[in-house]
Amino acid sequence: MTDPDWALLDKHTAGPLLHPGDAAFQESSAAFNERWAHRAPVAVLRAADAADVLRAIDWARDHGVPIVPRGGGHSYAGYSVNSGLVVDLRALDAIAVDPATGRVTVGGGVLTGALYAALRPHGLALPLGNGAGVGIAGLALGGGSAATSRRFGLTADTLRATTLATAAGTVLTCDAEQHEDLYWACRGGGGGNFGINLDLTFQAVEAPAAATCLLLWEAARAPEVLVAVQQLMLTAPEETSLRLGVARSGGRTSVSAVGLHLGPAAELRELLAPAFAAAPPLRAELADRPFWDAMDYLKHETGGGAFAVRTHFAARPLPPEALTAALAHLAAAPPSGNADGCGFALFGWGGAINRVDPAATAFVHRDARYLVSLDTSWLPGEDPAPHLAHLAGLDHLIAPHATGGAYLNFTDPDLRGWRAAYYGANYPRLVATKRRHDPDGLFAFPQSVGS
């Protein structure tokens, strides 16, 4: 690759082409997960519009340069950064809301926080994640789990159309009637696999009244609490969503249940009675809130640093013996300067998520009742090996009680058998779609479809 080649791209694009040392290069290329802080592209194009995206695709294809789109840049595995050209989509940030139909069209670079702000005045809601800086495109393309998903489905389930820039440099409108194969693939097949999504259209619903809860227990009561809360997660109505977590940080273990109920707080308190009966919480916050105030309450931001995550889906509660072993394992976790520490969490699934046929969209995990997430973290400069070994040990205790699948949006670069784990029986159809629209594999990364 020679300098004139890059100069040619710079000449024909409206957005700036950034190189190491340029202002904003780091902001547009740094991996969210600092485990991958060493990874950097040759250049970043801060695309000004869709035309810039198409020019970048044509240039990368013609010059054999790896290309990857970047919205929020939150890939856990660092796949929003490569060794070639990163296309920063954040200037594609238009949001159009049609209050009459509830249709919402967002640019490919729109972030969750911006969409929150745009929906709020119209009293509309979508199943979105809890991180304000997360890109909507990546969230939806990988499935998209939200606190409202048991009632309204995954983010991908609300996708009605997307405009895709393909490897051939064409722009395709993908929906239930046009390019149905790509529309199917874009609902759970993962971002960056089939092209660059220029915009996405979702079907929103009226934002309901809501209540939130935050319950904290001392570590000594963890066994009783974990059994009781798992069971109530299984039997709760789909209007109720809980995240049950055990965290180890600074030498201390904490147990929490954080949740959303699309109904009054009094009703939520009644539903939580088994949790209160299992052990009195050290802290209990339950409150009625307007829907978007509830979303603000549930927002979560990581402390940063480096981390690794392993996920599973489970059809039944984790048994007491597995929980006891996991708690003992966490108590022996290696020390870390990262305040996020380590732990595991169970997210309540079911409801609307499971009413979709596994073959109807690329997202195949439609029989799960829990998403189980195991995590560990450390600071740059600390040896990751003890933390990764500890995570593997925790996984060894939990995996036998799961179904074998893994959640694509919590991407795990160390996952063996990722094709079956992420995509199950839908993987062959995804490969066929990939070969049809990107036969030369322009859009490629370590866990890309077809690799």
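Between Ala132, Ala147, which is touching a Leu at 6+ places or on another chain (Cβ under 9 Å), modelled with pLDDT of 95 or more, closer than 20 Å to Glu301 by Cβ and among the aliphatic types (A, V, I, L, M)?
Of Ala132, Ala147, the one residue that is touching a Leu at 6+ places or on another chain (Cβ under 9 Å), modelled with pLDDT of 95 or more, closer than 20 Å to Glu301 by Cβ and among the aliphatic types (A, V, I, L, M) is Ala147.
Take region 59-71 and flag every residue that is part of a helix (DSSP H, G or I) and either within 13 Å of Gly195 (Cβ to Cβ) or acidic (Asp, Glu) (or both).
Residues satisfying the conditions are Ala60, Arg61, Asp62.
Mind listing just one residue for me: the one in region 5-44 that is β-branched (Val, Ile, Thr) and crowded, with 20+ Cβ neighbours inside 10 Å and, of those, nearest to Glu382 (Cα to Cα)?
Only one residue fits best here, namely Val44.
How many of the residues in region 393-451 are under 26 Å from Val87 (Cβ atoms), of a type in the set (S, T, N, Q) and either in contact with a strand residue (DSSP E or B) (Cβ under 6 Å, 6 or more places away or on another chain) or in contact (Cβ under 8 Å) with a residue 60 or more places away in the chain (or both)?
Looking only at that region, the number is 5.
Collect the residues in region 170-203 that are under 16 Å from Pro439 (Cα atoms) and among the hydroxyl-bearing types (Ser, Thr, Tyr), keeping them in residue-number order.
Hit for region 170-203 is Thr170, nothing else.
Being surrounded by fewer than 16 Cβ atoms within 10 Å (Cβ to Cβ), part of a loop (DSSP other than H, G, I, E, B) and in contact (Cβ under 8 Å) with a residue 24 or more places away in the chain, is that true of even one residue in region 251-260?
Yes, some residue in region 251-260 is surrounded by fewer than 16 Cβ atoms within 10 Å (Cβ to Cβ), part of a loop (DSSP other than H, G, I, E, B) and in contact (Cβ under 8 Å) with a residue 24 or more places away in the chain.
Applying the selection to region 13-58, what residues are touching a His at 6+ places or on another chain (Cβ under 8 Å) and part of a helix (DSSP H, G or I)?
Phe25, Arg55
Restricting the search to region 331-346, which residues are hydrophobic (A, V, I, L, M, F, W, C) and surrounded by 23 or more Cβ atoms within 10 Å (Cβ to Cβ)?
Cys342, Phe344, Leu346
Quick check, is Val372 touching a His at 6+ places or on another chain (Cβ under 9 Å), among the β-branched types (Val, Ile, Thr) and either exposed (fewer than 15 other Cβ atoms within 10 Å of the Cβ) or not in a helix (DSSP H, G or I) (or both)?
For Val372, the condition - touching a His at 6+ places or on another chain (Cβ under 9 Å), among the β-branched types (Val, Ile, Thr) and either exposed (fewer than 15 other Cβ atoms within 10 Å of the Cβ) or not in a helix (DSSP H, G or I) (or both) - is met.
The values are calculated or read from the model by the stated rules, or taken from the named source; none is laboratory data. Keep in mind it's a predicted model, so treat the numbers as computed, not measured. Heads up, the Cβs are rebuilt from the backbone with ideal geometry, glycines too, and the neighbour counts pull from every protein chain shown.
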